[in-house]
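Report on one structure; see the data block that follows.
The values are calculated or read from the model by the stated rules, or taken from the named source; none is laboratory data. Small disclaimer: the values here were computed from a predicted structure and weren't measured. Cβ placement follows ideal geometry from the backbone for every residue including glycine, while neighbour counts extend to all protein chains displayed.
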Amino acid sequence: MNIEGFHKQIRPRQIDIERIKSILKSAQANAKVVANMALNDDSASVIFREIYESIRQLGDAMLWMNGYEPLNHEVSLDALRSLDIKNKILLNHLSRFKAIRNDINYRGFTASQSQAKEIIDFWKKCTPEIIEKINKEMK
């Protein structure tokens, strides 16, 4: 992972394998719970927000794996966008996901069922390979 240009968005830290494992476990557990919730107009925002947070946590884990603490969401998403995965084109959705999450959290917007379904599909298609890469790097 190339960290050039991130210097104001990250802080050097000692690599902490236990922290990385904990982040991965949390991301996977939260995503599993909300992905199994009944999707309706009332649950769409909760599902979207929690899956987004789980995705962001994977970016955090990647940065910690390289000895850095992320100082904002954007650098965590940039870490994910830098990956070479099979569904790399889907990583282009991360900025839009962040904007939707911010609209939900800070502007009182509600996610639609289709937006929640889209981020669940992203999780299912992209994150197994991302998690595999992080786990492989830990070994």
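Below, the figures for the structure above:
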{"item": "Output for the range 66-98, where each listed residue is among the small types (Gly, Ala, Ser), modelled with pLDDT of 95 or more and over 17 Å from ILE15 (Cβ atoms)", "result": "SER95"}
{"item": "Residue in the range 27-39 that is more than 28 Å from ARG11 (Cβ to Cβ), hydrophobic (A, V, I, L, M, F, W, C) and in contact with a Phe, Trp or Tyr (Cβ under 7 Å, 6 or more places away or on another chain) present", "result": "yes"}
{"item": "Number of positions in the range 53-65 that are in contact with a Ser or Thr (Cβ under 7 Å, 6 or more places away or on another chain) and either among the small types (Gly, Ala, Ser) or under 17 Å from LYS8 (Cα atoms) (or both)", "result": "3"}
{"item": "Test set (1) closer than 21 Å to THR127 by Cα; (2) surrounded by 14 or more Cβ atoms within 10 Å (Cβ to Cβ); (3) at pLDDT 95 or above - SER114 fails condition number", "result": "(2)"}
{"item": "Those residues of the range 100-118 which are assigned to a helix (DSSP H, G or I), in contact (Cβ under 8 Å) with a residue 40 or more places away in the chain and not basic (Lys, Arg), in sequence order", "result": "ILE100, ILE104, ASN105, GLN113, GLN115, ALA116"}
{"item": "Helices (runs of 4 or more DSSP H) wholly inside the range 1-99 that include at least 2 residues being touching a residue at least 24 places away in the same chain (Cβ under 8 Å), over 11 Å from the mean Cα position of the chain (by Cα) and under 20 Å from GLU137 (Cβ atoms)", "result": "17-35, 44-65"}
{"item": "LYS124 being touching a Phe, Trp or Tyr at 6+ places or on another chain (Cβ under 9 Å), basic (Lys, Arg) and surrounded by fewer than 19 Cβ atoms within 10 Å (Cβ to Cβ)", "result": "no"}
{"item": "Test: ALA29 is out of contact with any helix residue (DSSP H, G or I) (no Cβ under 9 Å at 6 or more places or on another chain), modelled with pLDDT of 95 or more and surrounded by fewer than 15 Cβ atoms within 10 Å (Cβ to Cβ)", "result": "no"}
